[in-house]
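The values are calculated or read from the model by the stated rules, or taken from the named source; none is laboratory data. Bear in mind the structure is a predicted one, so any value in this text is a computation, not a measurement. Using ideal geometry, Cβ is built from the backbone for each residue, glycine included, and neighbour counts are taken over all protein chains shown.
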Amino acid sequence: MKYEEMRQYLKQNPYCFRTTEECEEEMNNRIMKQEGKRINFAKASDRYHDENDRDLVW
């Protein structure tokens, strides 16, 4: 993809390369403006997916 093509694509789709944290922060900011409270997003934990800690999983 050439530079000009990439530039036009990014103008049309400015949010295509955003991280999950950026999306969550934008959502929190929108909700703060409307309702005055934040969302606590659940985060996945590696604790239950580690092979060394199999005894922690029931």
Starting from segment 1-12, take each residue that is free of Cβ contacts under 8 Å to residues at least 60 places away in the same chain and list its partners that are in a helix (DSSP H, G or I), counting only C-beta distances under 8 angstrom and pairs at least six apart or across chains.
Met1/Tyr9
The correct count of residues that are farther than 22 Å from Tyr15 by Cβ and either part of a helix (DSSP H, G or I) or at pLDDT below 80 (or both) in segment 26-39 is 1
Selection from segment 8-18 of residues loosely packed, with under 10 Cβ neighbours inside 10 Å and either modelled with pLDDT of 85 or more or more than 21 Å from Phe41 (Cβ to Cβ) (or both) yields Lys11, Gln12, Asn13, Pro14
For segment 1-39, give me each residue that is of a type in the set (S, T, N, Q) and more than 19 Å from the chain's Cα centre (by Cα).
Gln8, Gln12, Gln34
